[in-house]
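Heads up, the thing below is written out as structure tokens.
The values are calculated or read from the model by the stated rules, or taken from the named source; none is laboratory data. The structure displayed is predicted, hence computed values, not measured ones. No Cβ is skipped: glycine too gets one built from the backbone with ideal geometry, and neighbour counts run over all protein chains shown. To get the accessible areas, we keep the full protein, side chains included, count just its heavy atoms, and leave off ligands, DNA and RNA. Shrake-Rupley method; radii C 1.70, N 1.55, O 1.52, S 1.80 Å.
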Amino acid sequence: MNPVTLLENLFVRKAEFDIFPVTMDDCHDMSLLHAERFYRGWDESEFHSLMNQPTAFGYAARPNNGISSLGGFVLGREAAGESEILTIAVSGRYPRQGLGWRLMLAALRDMRGRGAETMFLEVDEGNAAAQGLYRKLGFRIVAERRGYYDLGNGRKSTALVMRLDLR
Ligand SMILES: CC(C)(COP(=O)(O)OP(=O)(O)OC[C@H]1O[C@@H](n2cnc3c(N)ncnc32)[C@H](O)[C@@H]1OP(=O)(O)O)[C@@H](O)C(=O)NCCC(=O)NCCS
């Protein structure tokens, strides 16, 4: 356990998280968390560009102890009744504590409210955690994209395209 986590566990109220819409101010923290969880992270400017798109939306899990960093976030996009999840990441410090689930529910509710009829996403065929989350929400595989993800060292992997009907 790293020293900061150890100190937090010993002396600081354990972080609990509330879910809020993301703002431009979250771009820096989102880029750090993205880099922690993905082989190719997105830098802060990529998050700024995404957030500037009028069709983009997102939710962040913010700590209510005022000390811990972002617990997780989800970003998506909606147009003409179709929505998609662009990315979701939960900090490796809070695995399997329901943050991914809560973030996805916030995104789904938002998209239903905007009138979206379907939601799509792509997931690496080797990503059991994310597939578990999406299946539990009712997503089903509708297509495969071979060689879609670059894993480094010339290795590629297949993306599964998953879909959920929102109506
Ligand atoms: C995928 C990810 C967002 C899940 O977040 P999380 O907060 O740990 O997930 P939750 O605690 O909300 O789990 C909800 C459900 O997802 C499934 N799940 C989560 N982690 C799992 C794991 N390691 N193995 C199998 N299923 C898992 C389970 O069905 C779980 O429900 P349960 O705990 O009641 O069994 C997180 O692991 C992550 O950020 N991974 C790295 C980034 C990534 O892969 N993003 C997705 C790209 S498509």
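Just the protein heavy atoms count here, and of the accessible area of the chain at 1.4 Å, carbon and sulfur take up 51 percent. What is the distance in Å between the Cα centres of the range 41-120 and the range 140-167? The range 41-120 and the range 140-167 have Cα centres separated by 19 Å. Over the chain, accessible surface divided per residue gives 57 Å², non-protein components excluded, 1.4 Å probe. Panel values: the range 16-165, Kirkwood radius from alpha carbon pairs, Stokes-Einstein at 20 °C and 1.002 mPa s, translational diffusion coefficient 136 µm²/s.
Would you mind calculating the gained length between ASN153 and GLU125 on full extension (0.36 nm times residue separation, minus the Cα-Cα distance), in nm to one decimal?
Numbers: separation 28, 0.36 × 28 = 10.08 nm, distance 1.82 nm.
Answer, rounded to one decimal: 8.3 nm.
Expressed as a rounded percentage, what relative contact order does the chain have, with Cα pairs under 8 Å and six or more residues apart? Relative contact order of the chain: 17 percent. Label separation (THR118 vs ARG96): 3.3 nm, computed from points 7 Å beyond Cα along the C-beta direction.
Around the Cα centre of the chain, unit charges on the Cβ atoms of Lys, Arg, Asp and Glu (plus for the first two, minus for the last two) sum to a dipole of about 640 debye. A Gaussian network model of the chain, with springs between Cα atoms under 10 Å, assigns the largest mean-square fluctuation among ARG77, ARG40, ARG155 to ARG155. Is any residue of the range 89-118 close enough, with backbone N under 19 Å, to a label point placed 7 angstrom from the Cα of ARG167 along the Cα-Cβ axis, and if so, which? Zone members listed by number: 108-118.
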